[in-house]
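Trainee: Before we start, here is the structure in question, set down as structure tokens.
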Amino acid sequence: MRISNVNEINVHSLSFSSHFLIGDSCFINARSKALAVKREFPRFYGKEGSFSEYPIFSMENPIPKVNENVQMCVNNVNPNIFVNRIKVKGVSSSSVLQVGSTNTIFAEAKIKHIRQLLGDAAPLAAKKSTDQDNDGKKE
């Protein structure tokens, strides 16, 4: 058993399947999926975007195989962890902030970025959505 002693910690933001731990753990599984759509002309249709439409979200992540025999001997003369101060702006997208140790960590973040540009139609599309006469009807 180990004891983690933290005097002061300041974490501004923790999001998207991230973990913040003080102490030891055995297993951490942090996974997040996101569709990030940037549109030149903002229009939202309601229920749009499904992870199943993009192969990246169903692909298996390769896990490296350890073929080497590793021998390790650890002797913690003082099994305590002392931390004075930690200041973190953000922990995001399946990340781990931990004071202590973990036997196994699986961390996976899959993000599909999509840019939807209008090209030559941009001025026309923007004009159609904003052109209205005095009665509130479209021209």
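Trainee: Which one is nearest to the chain's Cα centre (by Cα) among residues in the stretch 41-57 that are modelled with pLDDT under 85 and within 22 Å of Leu118 (Cβ to Cβ)? Spell out the reasoning first.
Mentor: Initial filter on the stretch 41-57 (modelled with pLDDT under 85): 41-49.
Going one step further and asking which of them are within 22 Å of Leu118 (Cβ to Cβ), we end up with 41-46, 48-49.
Details: Phe41: 26, Pro42: 24, Arg43: 25, Phe44: 23, Tyr45: 25, Gly46: 23, Glu48: 20, Gly49: 18 Å.
The selected residue is Gly49.
Trainee: Of all residues being of a type in the set (Val, Ile, Thr) and in contact with a Ser or Thr (Cβ under 9 Å, 6 or more places away or on another chain) in the stretch 1-34, which is nearest to Glu53 (Cα to Cα)? Just the residue, please.
Mentor: Ile28
Trainee: Of the residues in the stretch 1-25, how many are more than 13 Å from Val99 (Cβ to Cβ) and under 25 Å from the mean Cα position of the chain (by Cα)? Working first, answer last.
Mentor: Narrowing the stretch 1-25 to residues more than 13 Å from Val99 (Cβ to Cβ): 1, 10, 12-18.
Now drop any that are not under 25 Å from the mean Cα position of the chain (by Cα), which leaves 10, 12-18.
Total meeting the criteria: 8.
Trainee: Still on this structure: Scan the stretch 1-33 residue by residue and report those that are over 27 Å from Lys110 (Cα atoms) and of a type in the set (A, V, I, L, M).
Mentor: Met1, Ile3, Val6, Ile9
Trainee: Run Asn67 past the list (1) in contact with a helix residue (DSSP H, G or I) (Cβ under 7 Å, 6 or more places away or on another chain); (2) more than 14 Å from Ala109 (Cα to Cα) and report the number of the one that doesn't hold.
Mentor: So Asn67 meets the others, but not (1).
Trainee: Six or more apart or on different chains, Cβ atoms under 9 Å: show the pairs whose first residue is in the stretch 47-59 and over 12 Å from Val37 (Cβ atoms) and free of Cβ contacts under 8 Å to residues at least 40 places away in the same chain and whose second is in a loop (DSSP other than H, G, I, E, B) and open to solvent by 90 Å² or more (accessible area, probe 1.4 Å).
Mentor: Here the result reads Phe51/Ser58; Ser52/Ser58, each pair linking the stretch 47-59 to a residue that is in a loop (DSSP other than H, G, I, E, B) and open to solvent by 90 Å² or more (accessible area, probe 1.4 Å).
Trainee: Mind listing just one residue for me: the one in the stretch 1-19 that is at pLDDT 90 or above, farther than 26 Å from Lys112 by Cβ and part of a strand (DSSP E or B) and, of those, most open to solvent (accessible area, probe 1.4 Å)?
Mentor: Asn7
Trainee: Determine if the stretch 63-80 includes at least one residue that is in a strand (DSSP E or B), in contact (Cβ under 8 Å) with a residue 40 or more places away in the chain and within 30 Å of Arg2 (Cα to Cα).
Mentor: yes
Trainee: When you look at Gln71, is it over 27 Å from Leu21 (Cβ atoms), at pLDDT 85 or above and not acidic (Asp, Glu), yes or no?
Mentor: Taking the combined requirement at face value, the residue satisfies it.
Trainee: Find the residue count for the stretch 59-94, including only residues that are farther than 18 Å from Asp24 by Cβ and surrounded by 10 or more Cβ atoms within 10 Å (Cβ to Cβ). So that I can check it myself, show each step before the final result.
Mentor: Start the filter on the stretch 59-94 by keeping residues that are farther than 18 Å from Asp24 by Cβ, which leaves 59-71, 73, 84-85, 87-94.
Narrowing further to those that are surrounded by 10 or more Cβ atoms within 10 Å (Cβ to Cβ): 88, 90-94.
Of the residues in the stretch 59-94, 6 are farther than 18 Å from Asp24 by Cβ and surrounded by 10 or more Cβ atoms within 10 Å (Cβ to Cβ).
The values are calculated or read from the model by the stated rules, or taken from the named source; none is laboratory data. What you see is a predicted model; the values in this text were computed from it and never measured. Methodologically, a virtual Cβ is constructed for each residue, glycine included, from the backbone with ideal geometry; neighbour enumeration extends over all protein chains shown. The area values use the complete protein model at the heavy-atom level, side chains included, leaving out ligands, DNA and RNA. Shrake-Rupley method; radii C 1.70, N 1.55, O 1.52, S 1.80 Å.
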